[in-house]
Each structure stands twice: as C-alpha cells, then as structure tokens.
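Notes follow once the structure below has been shown.
Rule-based calculations on the coordinates, nothing more; no lab input. This is a predicted model, so every value here is computed, not measured. Note: ideal-geometry Cβ built from the backbone for every residue, glycine included; neighbour counts use all protein chains shown.
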Amino acid sequence: MKRLCLLLTVPLVIAAVARGSAQAPPPSAEAKRLAMFVGTFECEGASVNSPLGPAAKMSGRMTGRLLAGGHTLELTGGDASGPFGGVQWGELHAYDAAGKVYRVMGHQADGQVWYGSSSVTGNVWRFTFTWVVKGVAYQSRTELAFAADGRTYDWKSEVSTDGKTWVPFGQQKGKKVS
C-alpha cells in the first residue's frame, strides 16, 4: 500500500514541479514600449485656471520601472509645487491584449484617483482618464510626446466636466536625469 501511494504521488510531485518552473512568457512588443518611461525624469510646467483649481507652477520628479517581468510599468512621483500642492502619486500601466489598449490606474496621496487607457503612435502617448477629485469625476485627456532620443518629453493635458467641452489643464516639459 505504501508503495502504491508512493508510485501515485511521484508523478504528481513531478508535474507540480514542472508546472512551477515553467517560464513566464516574455513581454509582448506592446508591453516593451512601456520601457520608454523607465528612468527618472525631472519636470517643470504650469497649470491654468480650470475646474480642478487655480493656475499654478508645477515642478516635480517622476520615476518609472518595469514590474512583472516587463509586463507592467510603475510610475511614481511627487510634485514640489502644483495646483494640488506638494503631493506624492503613483500609477500602474499594462497592455491589455484583448482591448488592444494600455490600461492605467493612478492614485495621489490626497485621495485623488484616476483610471483609463492610453495608446501610442511612434513616440507620442495619448491618455484618456476619468479623474476623481474630492469626490467629483472629471474627464481628462493628455498627450505626452517623447523626443526621438527618449531623453525629454512635452506633456499637455485638458479636462472636461461633461466629456464634451474641454479646457486646458496644464503643460510640462520633462528631462531624463537617470
């Protein structure tokens, strides 16, 4: 009986070990494009008067790193100044092969959250978000254009209260420092 149990157990253990050591698939070509954001960027710009608040100078830092074997991008940052004061924030980006878009979810230390999607053409990323500020949902659309060398970018964003009428929110320039 002990031999029978051992004979039945060994194949199960071998199968479990083989399954556990299987290699994760490499990131897709789309997921690899997230690497454009890897590194640390310093940015400066300004917001304008908008439904989100008064005009303000913006400056801060953004750091990107790949997670999950290169399938997911984590962006973290902080703004020393800006329309929301000095705040810390974080985002996760991942490619959704079924939807053929990049999914984005972010949060800010003051309780703001945003979620949406993005697409990329060449070095230009276009984001559409629902942005929840103090319990009110706004629509946001943003464009981030990297220079050909990937060392600098231009960022501009618009916001809407109804998804139909858009007003500028802000602009920034970023520079990779590491």
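What to note about this one:
- Virtual paramagnetic centre 7 Å along Cα→Cβ of residue 38, amide N under 13 Å, in the stretch 58-84: 64-74
- With contacts taken as Cα pairs under 8 Å and at least 6 residues apart, the chain reaches a relative contact order of 17 percent.
- Residue list for the stretch 32-47, given a label point 7 angstrom along the Cα-to-Cβ vector of residue 65 and an amide N cut-off under 11 Å: 39
- When 105, 62 are sorted by how many other C-beta atoms sit within 10 angstrom of their C-beta, beginning with the fewest, the order is 105, 62.
- Taking 25 Å as the limit for the C-alpha separation, the pairs 100/173; 134/173; 32/134; 100/175; 32/100; 134/175 exceed it in the case of 100/173; 134/173; 32/134; 100/175; 134/175.
- Each residue of the stretch 94-111 is assigned a 3J(HN,Hα), and the resulting list reads 8, 7, 9, 5, 5, x, 6, 9, 8, 8, 9, 9, x, 8, 10, 4, 8, x Hz, derived from the Karplus form 6.51 cos²θ - 1.76 cosθ + 1.60 (θ = phi - 60°), x at Gly and Pro.
- Three-way shape call for the stretch 27-176 based on the alpha-carbon gyration tensor, with the a/c threshold at 1.5: prolate
- Cross-link reach list, aspartates and glutamates versus residue 156, counting only Cα pairs under 15 Å and skipping chain neighbours closer than eight places: 44, 143
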